[in-house]
Amino acid sequence: NAGVTQTPKFRVLKTGQSMTLLCAQDMNHEYMYWYRQDPGMGLRLIHYSVGEGTTAKGEVPDGYNVSRLKKQNFLLGLESAAPSQTSVYFCASSKLAVTGELFFGEGSRLTVL
Amino acid sequence: QKEVEQDPGPLSVPEGAIVSLNCTYSNSAFQYFMWYRQYSRKGPELLMYTYSSGNKEDGRFTAQVDKSSKYISLFIRDSQPSDSATYLCAIGGGATNKLIFGTGTLLAVQP
């Protein structure tokens, strides 16, 4: 079982460049999430989706956009990357919202120079 | 005040020790309490899930919730080097439909 797959796993960007992180899940989950993890800050929610075609802002949404055109995919976009967006990004999915177990991908390490 | 506070550690213990990991939270409406384990360069995975006050045991792991004190704990008995990881508490419920994570505690179990 693939579970949650994130691509790419590593990326280096220059300030001002754009990129898209792709998350795919094969568990038919309704809920999908994008988190960033920074030292001393824990996991912070960027954006989330409660179903195909829906997106909502999380705790730290500025500088990011998302799309959920297909139920199994959740894309995270950086329009103009900044050094402050250097982080490890995790995608997760769940069958239920708060009460459900989150299944995480292995992470995407992004460095913005 | 953060909604969820967790001692970041790091915590280093000898193999076989009992480990206690803790989180406090501020919102008494929270109802769901989870512990995730995250190995280095991997995504977190659910370890324990509790809904009510009291204890829940799973093998060497015990999750404890004290709603009156807004305090949750994870105990690891007979710790093993394979338990070396970051442990994150996650709490949710009430008005929010999202989980709030603690910052994580880095645990190293020395053989």
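The values are calculated or read from the model by the stated rules, or taken from the named source; none is laboratory data. Note that the structure is predicted; figures quoted are calculated from it, not measured. Every residue, glycine among them, receives a Cβ derived from its backbone with ideal geometry; neighbour counts consider all protein chains shown.
Couple of notes before you dig in:
- Options A:Thr111, A:Thr99; residue that is β-branched (Val, Ile, Thr), more than 13 Å from the chain's Cα centre (by Cα), assigned to a strand (DSSP E or B) and surrounded by fewer than 20 Cβ atoms within 10 Å (Cβ to Cβ): A:Thr111
- Scanning region B:35-44 finds one or more residues that are touching a Ser or Thr at 6+ places or on another chain (Cβ under 9 Å), among the charged types (D, E, K, R), within 18 Å of A:Leu43 (Cβ to Cβ) and within 14 Å of chain A (Cβ to nearest Cβ).
- Residue match in region A:22-31 (condition: of a type in the set (S, T, N, Q), within 20 Å of A:Val60 (Cβ to Cβ) and either in contact with a Pro (Cβ under 6 Å, 6 or more places away or on another chain) or buried (at least 16 other Cβ atoms within 10 Å of the Cβ) (or both)): no
- Evaluation of B:Lys70 against (1) free of Cβ contacts under 8 Å to residues at least 12 places away in the same chain; (2) on the phi > 0 side of the Ramachandran plot; (3) touching a Ser or Thr at 6+ places or on another chain (Cβ under 9 Å) (one fails), failing number: (1)
- Scan of region A:67-94 for residues that are buried (at least 20 other Cβ atoms within 10 Å of the Cβ) and at pLDDT below 95, ordered by number: A:Ser94
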